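The values are calculated or read from the model by the stated rules, or taken from the named source; none is laboratory data. If you're wondering where the values come from, they're calculated on a predicted model, not measured in any experiment. Counting neighbours? That spans all protein chains shown, and the Cβs are built from the backbone with ideal geometry, glycine included. Protein only, heavy atoms only, side chains kept; ligands, DNA and RNA dropped before computing areas. Shrake-Rupley method; radii C 1.70, N 1.55, O 1.52, S 1.80 Å.
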Amino acid sequence: MKVYQTNEIKNIAILGCSGSGKTTLAEAMLYEGGVIKRRGTVEASNTVCDYFPVEKEYGYSVFSTVFSVEWQERKLNFIDCPGSDDFIGGAVSALNVTDTALMVLNVQYGIEVGTINQLRYVEQFGKPVIFIANHLDNATADYDGTIAQLRDRFGSKIVQIQYPVNQGPLFNAVVDVLKMKMYRWKPEGGVPEVLEIPDDEADKATQLHAALVEAAAEHDDQLMEKFFEEGSLSEDELRAGISAGLISRGMFPVFCVCAGKDMCVRRTLEFLGNVVPAVDRMPHVKTTDGTDIAPDPNGPASIFFFKTTVEPHIGQVSYFKVISGKIKEGDDLLNANRGSKERIAQIFSVAGQTRNPVTEIVAGDIGATVKLKDVRRGNTLNGKGADYTFDFIKYPNPKYRRAIKAVNEADAEKMNELLTRMREEDPTWIVEQSKELKQTIVSGQGEFHLRTLKWRMEHNEKIFIEFIEPKIPYRETITKSARADYRHKKQSGGAGQFGEVHLVVEPYYEGMPAPDVYRFGNQEYKMNVRDTQTIDLEWGGKLIFVNCIVGGAIDTRFLPAILKGVMARMEQGPLTGSYARDVRIIVYDGKMHPVDSNEISFMLAGRNAFSAAFKAAGPKILEPIYDIEVSVPSDYLGDVMSDLQGRRSIIMGMNSEKGYEKLLAKVPLKEMSSYSTSLSSITGGRASFTMKFASYELVPADVQEKLLKAYAESQEDD
Ligand SMILES: Nc1nc2c(ncn2[C@@H]2O[C@H](COP(=O)(O)OP(=O)(O)O)[C@@H](O)[C@H]2O)c(=O)[nH]1
Ligand SMILES: [Mg+2]
């Protein structure tokens, strides 16, 4: 492949709901681009882009795949993205290194939830969008319905470049209102016949052409002037106007394809080559410290790694975008994130798992390399004169968690290594060795996400795992003040131990007044604060430790031991062994023994006095509450709401968004365990949700009852 210059390179992300036909379209483009000699199919599991075993197994894309097509002196870099929400990470990475989004629609369904979710990201990144109306040969194809949905959502930004003449099983022709020609295909697709527009289509074509001319003129003052003077624009002027409209996101052109039959794919490639903005016309990226970096091939070399995969027989393949300058084989670069030196032994232009060596690659282009020593996804390698780092990729929060366990204990270490590696390949994985829950927790985007992890571990690595219900990180606190004292005494055999601690506990809240007078039973306790320690607990919340010892009842050197004992109990709360938080402890009295008092004595006395007081202070269990946002087609709203009501949720609000409802609710984590699966079965996969930790709240009494009982039983088992 020749070395393409920055203004000849176009980077395009292929997005759209799962099943809309992205991988099939990619296959047709690769075929028309001469990269492959025969088109594979998703059904036959022999496409270029779905090459991972797990993708062949499940019949849908799990990973994003980079491929390039040379078309009319341009290099079109594509990233075929997974459509399912569970694999959204691939689309998010892709959107950060590409400049235009091809949003593929299945005209049987039009705009789907998956489409809306991905459109949100496209909007967030401010990317130009081209809609591709695919599946036109399907019996239930509804092109006009799809256009109506698009117009309903985006209004006059929607501009048709083509329309199908005969959608449905006999589909084989479109009218292109930019070229004002009809294109017709033989059953095998590919190169079309270019015909004059038949009379019975003339009115519709003229009308849509006029709309296109007007829309194109809108995005360029000179074109607008020309349009007012002459009422028309040339093809090149139309392209210029469309291009300007794309960049400003003032226009979303709609194209027609039948990817399955390779129809209208060449025309799409031509349009992408002619009209889609090249890298040098797009907003520049910013470094972590906000410096603007132009894609200047003569600038200092800097490449950003947005994806890594591990492939059989070659190991790690690292995909990068040249942000500035150019790199050649043999270049030595410095890893700005890890400080290590790297030699770029080989550079490849890729098509799925096929890698074609190239000698040089310039700013704006996307390539891959192998055998790097120490490069991670998100790293930047710089040449002389550059010290850039970039952190523009933000991945969504996880929304499905499971504890993971190796079936065979001996595999545990290998399993953890694999988890780390898989996280490197897919950043939407969160792997946590939870000291608190004594579980390895994997959090991902959904049940499918985890199922693919399991499949890959078992089929590719022969490591058998099981998913178990993850424990809930409950917390414990108190709701009123209480007093307790404890004497620890051991004076038989060996060194004696003696320590006595008297303390008060009370719920801590921000801005609470200093300890003063307390009344327990008919006794009054006046506190003299000598010292206050505020501890921010690593598991959240605070512990306030107040020394109100008077008269040297306990020597100050024993107070750290008392605090240590208290902390041991805070770490393993008296109710269910969960972390305790937001407690103020006032140590106000005690006793010592001149010989037998020592740290261990006061640690134990402190711990047990605290435990007793805690249990007498209206102890309550807190549970993590999450804010969830559910996007659901209006006709499923009722079912989704009643399902949520069955999960102890509080509906916080709702807003409608063109045939979709956005539901906001607060739900206990405990009730979210298999929410993604239930939501998908309630709505046939046509809804999605996000979730974010909100706060800790008291559990209802019946839930507390159940948790105490379960804990007591688990203690008996131990
Ligand atoms: N009839 C028909 N089927 C198509 C077309 N494009 C894709 N498909 C089928 O739709 C299914 C999903 O296609 P795929 O490319 O995997 O979609 P993706 O999930 O968006 O990548 C596969 O069974 C394809 O064969 C099309 O234009 N017409
Ligand atoms: Mg796919």
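For this structure, a couple of remarks:
- Criterion: of a type in the set (A, V, I, L, M), loosely packed, with under 13 Cβ neighbours inside 10 Å and farther than 30 Å from Arg151 by Cβ - qualifying residue of Ala665, Ala701: Ala701
- Qualifying residue in the range 552-564 (condition: loosely packed, with under 12 Cβ neighbours inside 10 Å, farther than 23 Å from Ala580 by Cα and not β-branched (Val, Ile, Thr)): yes
- Exactly one residue out of Gln149, Gln167, Gln118 is within 12 Å of ligand 1 (Cβ to nearest atom), more than 24 Å from Arg266 (Cβ to Cβ) and touching a residue at least 60 places away in the same chain (Cβ under 8 Å), and it is Gln118.
- Scope the range 437-459; condition more than 17 Å from Pro398 (Cα to Cα) and either surrounded by fewer than 17 Cβ atoms within 10 Å (Cβ to Cβ) or aromatic (Phe, Trp, Tyr) (or both); matching residues: Leu437, Lys438, Trp455, Glu458, His459
- Taken together, the criteria exclude Ile242 from residues that are under 31 Å from the mean Cα position of the chain (by Cα) and either within 16 Å of ligand 2 (Cβ to nearest atom) or outside the structural domain of Asp296 (by TED's automatic domain parsing) (or both).
- Any hit, the range 283-291, residues being open to solvent by 10 Å² or more (accessible area, probe 1.4 Å), at pLDDT below 95 and outside any loop (DSSP other than H, G, I, E, B): yes
- Residue in the range 133-141 that is of a type in the set (A, V, I, L, M, F, W, C), open to solvent by 20 Å² or more (accessible area, probe 1.4 Å) and within 11 Å of ligand 1 (Cβ to nearest atom) present: yes
- Hey, Tyr486 touching a residue at least 40 places away in the same chain (Cβ under 8 Å), closer than 23 Å to Tyr588 by Cβ, surrounded by fewer than 16 Cβ atoms within 10 Å (Cβ to Cβ) and not assigned by TED's automatic domain parsing to the domain that holds Pro668 or not: no
- Total residues in the range 15-39, condition assigned to a loop (DSSP other than H, G, I, E, B) and more than 10 Å from ligand 1 (Cβ to nearest atom): 7
- Answer residue from the range 65-87, given it is open to solvent by 10 Å² or more (accessible area, probe 1.4 Å) and not in a strand (DSSP E or B) and is farthest from Gly273 (Cα to Cα) among those: Asp86
- Considering residues of the range 11-45 that are of a type outside the set (Gly, Ala, Ser), open to solvent by 10 Å² or more (accessible area, probe 1.4 Å) and more than 23 Å from Val191 (Cα to Cα) only, the residue farthest from ligand 2 (Cβ to nearest atom): Glu43
- Residue check, Ala133 more than 16 Å from ligand 2 (Cβ to nearest atom), in contact with a helix residue (DSSP H, G or I) (Cβ under 8 Å, 6 or more places away or on another chain) and part of a strand (DSSP E or B): yes
- Ile463 vs. criteria farther than 22 Å from Tyr395 by Cβ and aliphatic (A, V, I, L, M): yes
- Number of residues in the range 292-333 that are modelled with pLDDT of 95 or more, open to solvent by 50 Å² or more (accessible area, probe 1.4 Å) and polar (S, T, N, Q) equals 1.
- A residue that is outside any loop (DSSP other than H, G, I, E, B), hydroxyl-bearing (Ser, Thr, Tyr), more than 13 Å from ligand 1 (Cβ to nearest atom) and crowded, with 23+ Cβ neighbours inside 10 Å can be found somewhere in the range 90-99.
- The residue that is modelled with the highest pLDDT, among those in the range 108-130 that are under 24 Å from Ala244 (Cα atoms), open to solvent by 10 Å² or more (accessible area, probe 1.4 Å) and touching a helix residue (DSSP H, G or I) at 6+ places or on another chain (Cβ under 7 Å), is Lys127.
- 2 or more residues surrounded by fewer than 17 Cβ atoms within 10 Å (Cβ to Cβ): qualifying strands (runs of 3 or more DSSP E) within the range 337-433: 341-343, 354-358
- Some residue of the range 362-376 being of a type outside the set (Val, Ile, Thr) and closer than 30 Å to Lys692 by Cα: yes
- In the range 189-242, the residues that are under 20 Å from Pro253 (Cβ atoms) and not in a helix (DSSP H, G or I): Pro192, Val194, Ile197, His219, Asp220, Ser232, Leu233, Ser234
- Selection over the range 484-531 of residues that are among the acidic types (Asp, Glu) and either in contact with a Gly (Cβ under 8 Å, 6 or more places away or on another chain) or not in a strand (DSSP E or B) (or both) gives a count of 4.
- Matching residues in the range 259-281 - criterion: being touching a Phe, Trp or Tyr at 6+ places or on another chain (Cβ under 6 Å) and farther than 24 Å from Glu8 by Cβ: Met263
- Hey, Phe67 of a type in the set (Phe, Trp, Tyr), outside the structural domain of Pro357 (by TED's automatic domain parsing) and at pLDDT below 95 or not: no
- Residue identified as in contact with a Pro (Cβ under 6 Å, 6 or more places away or on another chain) and within 12 Å of ligand 2 (Cβ to nearest atom) among Ser61, Ser84: Ser61
- Residue match in the range 637-653 (condition: in a strand (DSSP E or B), of a type in the set (S, T, N, Q) and touching a strand residue (DSSP E or B) at 6+ places or on another chain (Cβ under 9 Å)): no
- Filtered residues of the range 171-188 (kept if modelled with pLDDT of 95 or more and more than 16 Å from Ala133 (Cα to Cα)): Leu178, Lys179, Met180, Lys181, Met182, Arg184, Trp185, Lys186
- Which listed residue is within 16 Å of Phe154 (Cβ to Cβ), open to solvent by 50 Å² or more (accessible area, probe 1.4 Å) and in the same structural domain as Thr98 (by TED's automatic domain parsing), from Ser232, Ser248: Ser248
- Among the residues of the range 40-52, not a single one is assigned to a helix (DSSP H, G or I) and within 13 Å of ligand 1 (Cβ to nearest atom).
- Subset of the range 1-26 that is under 19 Å from Ser84 (Cα atoms) and among the polar types (S, T, N, Q) - its residue that is modelled with the lowest pLDDT: Ser18
- One residue alone among Val92, Val3 is away from ligand 2 (no atom under 13 Å from the Cβ) and farther than 30 Å from Glu461 by Cβ, and that residue is Val3.
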